[in-house]
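A.B. asks: Handing you this structure, nothing more for now.
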Amino acid sequence: MKTSILFIVNDEQIVKEIVKNIIPIQDEFDVFFAENGDRGLQILANNKIDIVFASPNIVLASGSNLLHDIKRLFPEVVRYALVPNLENQTIAQITHYVHQFVTPPYTKENIKERIERTLHLQSILKNEKVTELVKNTTTLPSLPEIYLQIEQEISKPDFSLTKISNLISKDPNLTAKILQIVNSAYFGLQREITNINFALSYLGVNVIKSLIFYIHLFSNFKVTTENRKHLEKFWQHSLVVASNTYHLANKYLKEKYEIDSAYTAGVLHDVGKFVLLNTYTYPQNVMILSEQKSIDNLDAELEIYECTHAQIGAYLLGLWGFPLQIVEAVAYHHQPSLLDRSHLNFATIIHLADFLYYVPKLDVAHIQEIGFEKELISSIYYFKTLRQTRKK
């Protein structure tokens, strides 16, 4: 059965561009077009649609945002928003309705790559072993209420950082924990951040939102007393890798939204290990097998569980509704070449951030393919200097 794609676009110029570029590949997919949101919902109701590409500002006759209603009515459909750029105000308002944003040009290569990446990722996330492990995890936390409240506030046309700051400040313990992390050496900020409003202004809503989810996850995840020490190690590891990710993203990415998203992926890159900790034999069995066979920990995970923490983490983030780009980065952070061999992507950045922290197996072929050898050496020197500064 062919993959079904629906385009819902209200900009005549974009429609012309997409139609021109989709013709060469239309035999590979079942392609539908809708000129307005209500017609788009009708097509979704009458056909099994896998992926939707839509203009983000389409409003239905009911007054509701189109992408909001697609998420509510057809949650299984992958949702792409066609946006002119990632600095657009619309981004903040609809970020929790969509899986990913697509910027011009809308070439056949660009569109086809998005479709193929989505299908490849879905094939990984359909791993029965992943599903089984997650189902057996009885203490899996849900999205925190404050996180959902912030998303709801961001979706309003008149949202302000002050309103979001007031929401967070209602929880003194959470506020203190966020400020502790923000002012630690992990971010390496030049000034002390004394309140949440400053933190939001300096780092942005998405970075702070990531920290809220991260804190909630660690605070509410139940593990055995024996595995508590491993959870604490994950806490420290995640913060360091997230910090490295943030610095690398600021250096190599251009858009604020991409930098924030890279940080989110960095702080949550090992979230799949929480599920494995519930097996009672992790990470002990992995380390034993790794030493016995002289193999990488990731290969040991694959042999024991028939899946990896990266796949489990991507599956969890997909369940929680995180953007596809973040889910991809977590899924491929040990092997970014499987996502894109020739370009630097979120997975590459996390891969390097991880490498700069504890020197795991490096995807050398990918680094060579994207011509990143000199930058890698530069980054190693940079983070060595940063670590020395942190120790002072």
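What follows draws every value from the coordinates through simple rules; no lab data is involved. If you're wondering where the values come from, they're calculated on a predicted model, not measured in any experiment. Here the Cβ positions follow ideal geometry from the backbone for every residue, glycine too, while neighbour counts run over all protein chains shown.
A.B. asks: Pairs of Cα atoms under 8 Å, at least six residues apart: use those to get the relative contact order of the range 4-126, whole percent.
C.D. replies: Numbers: 163 pairs, mean separation 30.9, N = 123.
So the answer I get is 25 percent.
A.B. asks: With axes computed from alpha carbons, what is the tilt in degrees of helix 373-391 against the longest principal axis of the chain, rounded to the nearest 10 within 0 to 90?
C.D. replies: 50 degrees
A.B. asks: If each residue's Cβ is checked for other Cβ atoms within 10 Å, how do F274, F213, F198 rank with the fewest at the top?
C.D. replies: Values: F274 26, F213 21, F198 16.
Arranged by neighbour count, lowest to highest, F274, F213, F198 become F198, F213, F274.
A.B. asks: What is the spin-label model distance, in nm, from Y357 to R72 if the labels are put 7 Å beyond Cα along the C-beta direction?
C.D. replies: Simple spin-label model gives 3.8 nm for this pair.
A.B. asks: Pulled fully out, how much extra length does the chain show between S123 and A365, if you take 0.36 nm times their separation in residues and subtract their Cα-Cα distance? Write down the numbers at each step before the final one.
C.D. replies: Values: separation 242, 0.36 × 242 = 87.12 nm, distance 2.37 nm.
Length gained, S123 through A365: 84.8 nm.
A.B. asks: I've got another one for you. With Kirkwood radius over Cα pairs in Å as the read-out, I listed (1) 21.5; (2) 23.6; (3) 22.2; which label goes with the value calculated from this structure?
C.D. replies: Of the listed options (1) 21.5; (2) 23.6; (3) 22.2, (3) comes from this structure.
A.B. asks: Only Lys, Arg, Asp and Glu count, each charged at its Cβ (+1, +1, -1, -1), so figure out the dipole size of the range 130-391 about its Cα centre, rounded to 20 debye.
C.D. replies: On the way: 23 positive and 26 negative charges, 186 e Å.
It comes to approximately 900 debye.
A.B. asks: Next up: Tally the DSSP beta bridges in the chain and give the antiparallel ones as a percent, rounded to 5.
C.D. replies: Values: 1 of 17 bridges.
The antiparallel proportion sits near 5 percent.
A.B. asks: Suppose each label sits 7 Å from its Cα in the direction of the beta carbon; what would the E35-L148 distance come out to in nanometres?
C.D. replies: My value for the distance between the label points is 3.9 nm.
A.B. asks: Determine the distance separating the Cα centre of the range 230-290 from the Cα centre of the range 315-340; give it in Å without decimals.
C.D. replies: Rounded to whole Å, the Cα centres lie 12 Å apart.
A.B. asks: Sorted from fewest to most neighbouring beta carbons within 10 Å, what does the list I94, I377, I58 look like? Working shown, then result.
C.D. replies: Numbers: I94 23, I377 10, I58 20.
Fewest to most other Cβ atoms nearby, the residues stand as I377, I58, I94.
A.B. asks: Still on this model: When the helices in the chain are scored as -39500 (n - 2.57) per DSSP H run of 4 or longer and the sum is shared across all residues, what 222 nm value do you end up with, to the nearest 500 deg cm²/dmol? Numbers along the way, then the final one.
C.D. replies: Details: 21 runs with 237 residues, N = 392.
After summing the helix terms and dividing by residue count, I get -18500 deg cm²/dmol.
A.B. asks: Compute the length gained on full extension between K48 and N250: take 0.36 nm times their separation in residues and subtract their Cα-Cα distance, giving the result in nm to one decimal.
C.D. replies: Working: separation 202, 0.36 × 202 = 72.72 nm, distance 4.00 nm.
Once the chain is fully extended between K48 and N250, it gains 68.7 nm.
A.B. asks: By the scheme Lys and Arg +1, Asp and Glu -1, what is the net charge of all other residues having a beta-carbon under 10 Å from that of S337?
C.D. replies: On the way: positive: R341; negative: D340, D363, E369.
Net charge around S337: -2.
A.B. asks: Along the charge dipole of the chain, pointing to its positive end and built from +1/-1 on Cβ of Lys, Arg, Asp and Glu, which listed residue (F53, S160, V77) has its Cα farthest out?
C.D. replies: The listed residue farthest towards the positive side: S160.
A.B. asks: Where a Cα-Cα gap under 21 Å defines reach, which lysines qualify for K170, not counting those fewer than 8 residues away within the same chain?
C.D. replies: K170 reaches K156, K209.
A.B. asks: A further question on this structure: Filter the trypsin sites (Lys or Arg not before Pro) in the range 108-170 to those in DSSP coil with at most 13 other Cβ atoms within 10 Å of their Cβ, and list the result.
C.D. replies: Sparse-neighbourhood loop trypsin sites (Lys or Arg not before Pro): K126, K170.
A.B. asks: Let me ask something additional. What longest range of the chain stays clear of loop-exposed GluC sites (Glu not before Pro) (DSSP non-H/G/I/E/B, at most 10 other C-beta within 10 angstrom)?
C.D. replies: Details: sites that count: E76, E192.
No qualifying site falls inside 193-392, the longest such stretch.
A.B. asks: At a 10 Å Cβ-Cβ cut-off, how would you order T137, T264, T162, fewest neighbours first? Each step should come with its number before you reach the end.
C.D. replies: Working: T137 17, T264 27, T162 11.
Going from sparsest to densest Cβ surroundings: T162, T137, T264.
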